[in-house]
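Chemist: Below is a structure I'd like to ask you about.
The values are calculated or read from the model by the stated rules, or taken from the named source; none is laboratory data. Please read these numbers as outputs of a predicted model, since none were measured by experiment. FYI the Cβ positions are ideal-geometry reconstructions off the backbone, even for glycines, and counts take in every protein chain you see. We work out accessible area using only protein heavy atoms, side chains counted, and drop any ligands, DNA or RNA first. Shrake-Rupley method; radii C 1.70, N 1.55, O 1.52, S 1.80 Å.
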Amino acid sequence: MDLVGVAARLPLPGETVLGDEFVMMPGGKGANQAIAAARAGGHAVFLGAIGSDSFGVTLNARLNSAGVDTAHLRTSYGASGVAVIMVDRAGENSILVSPGANSTFTDLTEAEERVIADGDVLLCQQEIPVGTVIAACRAARAGGTRTVLNAAPARELPPELLANVDLLVVNESEAQAITGTETPDVPGLLALVPRVVLTLGGDGSRFAERDGRDEHVPAHAVEAVDTTAAGDAFTAALAVAWGEGRDLLEAVRWATAAGAVCVQRLGASSALPTRAEIDAQFER
Ligand code: ADP
């Protein structure tokens, strides 16, 4: 759950500042991408954990009302994951992420491994313990399910994880963090995983395969009003299209249309496009 408070300026350590508005928004990269995948026409099964607090009730309802399959969603006794976000009027922010229930998701049950093995594609993010992401990618490999890792938020990627990733999706800052370079190093990423999609905001994306294609896919020329959920819309649409067996470059093009619809609207999950909207933008 994102708890967002706006004030004229951010408080200094030990200081209390009187704020303006406050909003509460369901968030979490996994939840946002599951909703985006469902809206893009995929059957999205969500594996994750909410807390037993009131935020958990809202987060669960949000996933269900968006058509995400929550049959395997865990409820752990205690707090849900929250991000406490302070924003000043210039848009500068300070964020405290408290993982809550996410930190209790430390292993996979047999039922969870089975649902991964039965899927077409596994899409992971990095807001749960890394050992669980590794276990999920291994279960996918064993079951012939493709694995996509959206390495967000950026953190160290152990070799056991990279060995089980078929496609890495990163933005520029995540790419830099992974290779420890000042600019995104696609050959460096391809030394770690066989396929990479590097998103470049309004410049589109770059799709590269080890010993294969290296293509720049331009963004659609649209009027961007809010780029908040563009990465989630793009990544989820990419996973849905690849899971349907489309060629990966075609899937990147379709995902680019999803990103383009998203940036034309205000808001986070409410801006995520439906399949019909992505198809219509794709034809433009
Ligand atoms: P993130 O939010 O993860 O940093 P990006 O900002 O790179 O992700 O956006 C993901 C994708 O969304 C881009 O690759 C692009 O296709 C699309 N996109 C982002 N910003 C724009 C924009 N201003 N105009 C059109 N498409 C955009």
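Chemist: Residues in the stretch 89-147 that are within 30 Å of ASP20 (Cβ to Cβ), modelled with pLDDT of 95 or more and among the polar types (S, T, N, Q): how many?
Modeler: 2
Chemist: Being touching a Lys or Arg at 6+ places or on another chain (Cβ under 9 Å) and among the small types (Gly, Ala, Ser) narrows it down to one residue among ALA154, ALA239, ALA224; which is it? Spell out the reasoning first.
Modeler: Working: ALA154 fails: touching a Lys or Arg at 6+ places or on another chain (Cβ under 9 Å); ALA224 fails: touching a Lys or Arg at 6+ places or on another chain (Cβ under 9 Å).
After ruling out the rest, the residue left standing is ALA239.
Chemist: Report, by residue number, each residue of the stretch 152-176 that is within 16 Å of the ligand (Cβ to nearest atom), under 29 Å from ASP120 (Cα atoms) and not β-branched (Val, Ile, Thr).
Modeler: Initial filter on the stretch 152-176 (within 16 Å of the ligand (Cβ to nearest atom)): 152-155, 167-176.
Then keep just the ones that are under 29 Å from ASP120 (Cα atoms); that gives 152-155, 167-175.
If the condition is that a residue be within 16 Å of the ligand (Cβ to nearest atom), under 29 Å from ASP120 (Cα atoms) and not β-branched (Val, Ile, Thr), then ALA152, PRO153, ALA154, ARG155, LEU167, LEU168, ASN171, GLU172, SER173, GLU174, ALA175 are the ones that fit.
Chemist: Then there's this: Within the stretch 183-205, is there a residue that is part of a loop (DSSP other than H, G, I, E, B) and in contact with a Gly (Cβ under 6 Å, 6 or more places away or on another chain)? Walk me through how you get there before you give the answer.
Modeler: Of all residues in the stretch 183-205, those part of a loop (DSSP other than H, G, I, E, B) come to 183-185, 191-194, 200, 204.
Right, trim to in contact with a Gly (Cβ under 6 Å, 6 or more places away or on another chain) and you get none.
No; the residues of the stretch 183-205 include none that is part of a loop (DSSP other than H, G, I, E, B) and in contact with a Gly (Cβ under 6 Å, 6 or more places away or on another chain).
Chemist: List pairs: first in the stretch 258-283 and hydroxyl-bearing (Ser, Thr, Tyr) and more than 12 Å from the ligand (Cβ to nearest atom), second part of a helix (DSSP H, G or I) and open to solvent by less than 10 Å² (accessible area, probe 1.4 Å), Cβ under 7 Å, 6+ apart or cross-chain?
Modeler: SER269/ILE35
Chemist: Further question: Would you check which residues across the stretch 156-178 are more than 26 Å from ASP247 (Cβ to Cβ) and open to solvent by 40 Å² or more (accessible area, probe 1.4 Å) and list them?
Modeler: GLU156, PRO159, GLU160, SER173, GLN176, ALA177
Chemist: Then there's this: Where the second residue is among the acidic types (Asp, Glu) and the first is within 14 Å of TRP242 (Cα to Cα) and lies in the stretch 142-155, which pairs have Cβ atoms under 6 Å and are six or more apart or on separate chains?
Modeler: Correct list of pairs: ARG146/ASP166; THR147/ASP166.
Chemist: Which ones in the stretch 209-256 are open to solvent by 70 Å² or more (accessible area, probe 1.4 Å) and within 7 Å of the ligand (Cβ to nearest atom)?
Modeler: THR227
Chemist: Has the stretch 195-208 got at least one residue that is in contact (Cβ under 8 Å) with a residue 12 or more places away in the chain, β-branched (Val, Ile, Thr) and away from the ligand (no atom under 11 Å from the Cβ)? Can you show your working first?
Modeler: So the first thing to find is which residues in the stretch 195-208 are in contact (Cβ under 8 Å) with a residue 12 or more places away in the chain, and the list is 195-208.
Retained after the next criterion (residues that are β-branched (Val, Ile, Thr)): 196-197, 199.
Of the ones still in play, those that are also away from the ligand (no atom under 11 Å from the Cβ) are 196.
Yes, the stretch 195-208 contains at least one residue that is in contact (Cβ under 8 Å) with a residue 12 or more places away in the chain, β-branched (Val, Ile, Thr) and away from the ligand (no atom under 11 Å from the Cβ).
Chemist: Could we say that VAL133 is closer than 30 Å to GLU223 by Cα and touching a Leu at 6+ places or on another chain (Cβ under 7 Å) here?
Modeler: no
Chemist: Then there is this: Of all residues being β-branched (Val, Ile, Thr) and modelled with pLDDT of 95 or more in the stretch 7-36, which is least open to solvent (accessible area, probe 1.4 Å)? Just the residue, please. Explain how you work it out, then say what you get.
Modeler: Applying the first criterion (β-branched (Val, Ile, Thr)) to the stretch 7-36 yields 16-17, 23, 35.
Now drop any that are not modelled with pLDDT of 95 or more, which leaves 16-17, 35.
Numbers: THR16: 131, VAL17: 43, ILE35: 4 Å².
Residue satisfying both the conditions and the ranking: ILE35.
Chemist: Now for a separate question. In the stretch 85-132, how many residues are over 19 Å from the mean Cα position of the chain (by Cα), open to solvent by 50 Å² or more (accessible area, probe 1.4 Å) and hydrophobic (A, V, I, L, M, F, W, C)?
Modeler: 2
Chemist: For the stretch 257-273, which positions are assigned to a helix (DSSP H, G or I), out of contact with any Asp or Glu (no Cβ under 9 Å at 6 or more places or on another chain) and either under 17 Å from ALA34 (Cα atoms) or open to solvent by 10 Å² or more (accessible area, probe 1.4 Å) (or both)?
Modeler: Listed by number, the residues that qualify are GLY259, SER270.
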